[in-house]
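Remarks on the structure that follows.
The values are calculated or read from the model by the stated rules, or taken from the named source; none is laboratory data. As the structure is a computational prediction, the values presented were derived from the model and not from experiment. Neighbour counts run over all protein chains shown; Cβ positions are idealised from the backbone, glycine included.
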């Protein structure tokens, strides 16, 4: 590892310097068996047999004035059995304990006594080495994710694997802390060659990995403080059904039966968008004789052809960009075009154009609620383009699903959905106006099949799937949920939309 410069203030013993150095080093690179510290007048190297616990031996070089050297020699002589002393020009060299001795307690006491004989510098350049290098078992990581029902695993230096279970990050009690050296070897082992080169050049990469017989993972690698970190997002080999996901089956089948238009699955990171998207695609794959073309970065769930033909193209390997992939898709005879994520205006424009030509386009987007999606999409464009984009959305947008994962009674997590159907004129008018509030009002009208989060959460609460606290917490407006729960909520009338437009 590279040297780190630390200001430690006034310390009483070289052992304090080593201890502080170890605390800093293990946060970025893991537990070292050897720690080195260098200052203008003093350098020290501490070693131990294992990766944790007290250091056992200390080699100290002192470049001090003659008066200080005399005082140190007197103290060292009093601990001759625990510390050997030698000279090299004007430098004192201390080895505590001497070669062949295993009296580590006496050596540590000697280091403390000798340290009191001179002023310990405040600024040090420190480094560590001899980190843990035994291979990380990827199979064991996958097995643990399945056993713990973990959605993600975080591997970082100085900590054992950390599993996200029911949205809580929990350290494994059965695995040893990891080192940066182990993680670097792991990344090189798991990453395809282009991704490894990308990691070395740009210090981050993302790719898919298949642990045969267990599942897939979207693996994200990056540097923090110069040390590698790795995140696994677990994906099962078997794509879950609508029933297994606990999403409304009839509604999802209705969406899967769409022939054209734009369908967006939205939510925040970790809300389950990818899994819901996969279930939707797999249902189409199982029930329809179509061509489904997917453009992804990276490929996550892997589909096998059933009734449909599924073509999965990976960004960077099979196609240069989402935008180019969508434009090219129109020449590949697709019925359904799946875009892994709408992340820029060129991709969004291509998706809208493809939906307007009679294709069903399905994609994901980060958003807090379904009613916000229109303005979220429009925000990617320059002001001069936004009116046209809103007009195109009015004509092409068929449905927006927004998803939140919340704790389920009895353990685990369950999705709550907000569904916006563009199925009535007031909603279409609100889309053109870019009016989030009026879209939300339109969603609550009985003539629309839409449903807001509060209504969905209230049903889940009444069915005993979630508790009251979490139902309120995950509502967009707690007051709306409270009124639904008390039976006092009154759906806003369409006249309020008309009044706002006048």
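Here's the yes/no breakdown for (1) at pLDDT below 95; (2) within 22 Å of residue 113 (Cβ to Cβ); (3) in contact with a strand residue (DSSP E or B) (Cβ under 8 Å, 6 or more places away or on another chain):
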{"site": "8", "(1), (2), (3)": "yes, yes, yes"}
{"site": "12", "(1), (2), (3)": "yes, yes, no"}
{"site": "26", "(1), (2), (3)": "yes, no, yes"}
{"site": "35", "(1), (2), (3)": "no, yes, yes"}
{"site": "41", "(1), (2), (3)": "yes, yes, yes"}
{"site": "47", "(1), (2), (3)": "no, yes, yes"}
{"site": "50", "(1), (2), (3)": "yes, no, yes"}
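Screening residue 233 against (1) in a strand (DSSP E or B); (2) at pLDDT 95 or above; (3) under 24 Å from the mean Cα position of the chain (by Cα) leaves a single unmet condition, (2). No other residue among 163, 118 is assigned by TED's automatic domain parsing to the domain that holds residue 13 and either at pLDDT 95 or above or touching a helix residue (DSSP H, G or I) at 6+ places or on another chain (Cβ under 8 Å) (or both) apart from 118. When each of 239, 133 is tested for being farther than 25 Å from residue 297 by Cα, at pLDDT below 95 and in contact with a helix residue (DSSP H, G or I) (Cβ under 9 Å, 6 or more places away or on another chain), the lone residue that passes is 133.
Residues that are surrounded by fewer than 19 Cβ atoms within 10 Å (Cβ to Cβ), touching a residue at least 60 places away in the same chain (Cβ under 8 Å) and outside any strand (DSSP E or B) within region 29-51 comprise 39, 40, 41, 51, listed in sequence order. Tell me, which residue of region 75-117 that is in a helix (DSSP H, G or I), without any contact (Cβ under 8 Å) to a residue 40 or more places away in the chain and out of contact with any strand residue (DSSP E or B) (no Cβ under 7 Å at 6 or more places or on another chain) is surrounded by the fewest Cβ atoms within 10 Å (Cβ to Cβ)? Taking the candidates together, the pick is 77.
Conditions: (1) under 30 Å from residue 238 (Cβ atoms); (2) in contact with a helix residue (DSSP H, G or I) (Cβ under 6 Å, 6 or more places away or on another chain); (3) surrounded by 16 or more Cβ atoms within 10 Å (Cβ to Cβ). Residue 405 meets all but one. Number of the miss? Going through the list (1) under 30 Å from residue 238 (Cβ atoms); (2) in contact with a helix residue (DSSP H, G or I) (Cβ under 6 Å, 6 or more places away or on another chain); (3) surrounded by 16 or more Cβ atoms within 10 Å (Cβ to Cβ), residue 405 breaks only (2). Filter region 236-251 for residues that are part of a helix (DSSP H, G or I) and in contact with a strand residue (DSSP E or B) (Cβ under 9 Å, 6 or more places away or on another chain); which is surrounded by the fewest Cβ atoms within 10 Å (Cβ to Cβ)? My answer is 251.
Can you tell me which residues in region 52-73 are part of a loop (DSSP other than H, G, I, E, B), touching a strand residue (DSSP E or B) at 6+ places or on another chain (Cβ under 8 Å) and over 19 Å from residue 116 (Cβ atoms)? The one that is part of a loop (DSSP other than H, G, I, E, B), touching a strand residue (DSSP E or B) at 6+ places or on another chain (Cβ under 8 Å) and over 19 Å from residue 116 (Cβ atoms): 56. Being part of a helix (DSSP H, G or I) and more than 29 Å from residue 363 (Cα to Cα), is that true of even one residue in region 439-454? No: region 439-454 contains no residue that is part of a helix (DSSP H, G or I) and more than 29 Å from residue 363 (Cα to Cα). Which residue is farthest from residue 24 (Cα to Cα), if the candidates are limited to region 210-235 and must be without any contact (Cβ under 8 Å) to a residue 40 or more places away in the chain and touching a strand residue (DSSP E or B) at 6+ places or on another chain (Cβ under 8 Å)? Checking each candidate, the answer is 219.
Does residue 219 satisfy being assigned to a strand (DSSP E or B) and under 22 Å from the mean Cα position of the chain (by Cα)? Before you say what the answer is, go through the steps one by one.
Numbers: assigned to a strand (DSSP E or B): yes; under 22 Å from the mean Cα position of the chain (by Cα): yes.
Yes; evaluated as a whole, the condition is true for this residue.
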